[in-house]
Amino acid sequence: MDRKEFLSSMGLGAASLAVMSCFGCGKGSNATNSSTSAPTGVDFTLDLTASANAALTSNGGYLISHGILVARTSSGAYIAVQESCTHENYPLVYQGGSKRFYCNNHGATFTEKGAVTGGPTSRSLAVYNTTLAGTSLRIYS
Ligand code: FES
């Protein structure tokens, strides 16, 4: 019995094999970390009075917007870096108490200025400018 006969006996044709071999194909395209580079041409504003942005009203808080991780440091300054790790694009978290960005995937760490301090990557994070005017926080390239 050759492969084709075997598959036919199992009720599987070439089309069903193609479908089966593609299980999991969509994982990467659906993942939030699918971008392969830092956002460019960034220019947006966050209203700090909006409930969606409440994380930025406390020191150590952070949120993700437009592919950018925006954080409020322990001293109350606003900083912004690319959301994704420079190793394999996994979403970063901000750890204000440790003054760093951390990747839960393989443990990369970055300073608040985006420099690599540990882990399997050697590429720094893209850093964006922030300007606070009243309760409007502008993040831009
Ligand atoms: S994806 Fe971040 S350390 Fe590997």
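How would 92, 46, 56 line up from fewest to most surrounding beta-carbon atoms within 10 angstrom? Display every interim value, and only then the final one.
On the way: 92 27, 46 23, 56 20.
Ordered from fewest to most neighbouring Cβ atoms within 10 Å, 92, 46, 56 come out as 56, 46, 92.
With neighbours defined as other Cβ atoms within 10 Å of a residue's Cβ, the residues 58, 51 order from fewest to most as 51, 58. For residue 106, the shell of other residues with beta-carbons less than 14 Å away shows a net charge of 0, using +1 for Lys and Arg and -1 for Asp and Glu. Distances between placed amide hydrogens fall under 5 Å for residue 119 paired with 109, all partners being 5 or more residues away or on another chain.
For a quick protection proxy, order the peptides 118-124, 76-82 by their average other-Cβ count within 10 Å, most packed first.
Details: 118-124: 14.0, 76-82: 19.3.
Most protected by this proxy first, the peptides run 76-82, 118-124.
As a proxy for reagent exposure, ranking 102, 94, 140 by other Cβ atoms within 10 Å from fewest up yields 140, 102, 94. Shape analysis of region 69-141 yields a ratio of the Cα radius of gyration to the Kirkwood radius, Rg/Rh, of 0.98.
The distance between label points at residue 74 and residue 122 comes to 3.1 nm (points 7 Å beyond Cα on the Cα→Cβ vector).
Net charge within 12 Å of residue 73 by Cβ-Cβ distance, Lys/Arg positive one each and Asp/Glu negative one each, not counting residue 73 itself? Neighbour charge sum, excluding residue 73 itself: +3.
Taken together, the values in this text are just the output of simple stated rules run on the coordinates, not laboratory data. As the structure is a computational prediction, the values presented were derived from the model and not from experiment. Note that each Cβ is placed from the backbone with ideal geometry, even for glycine, and that neighbours are counted across all protein chains shown.
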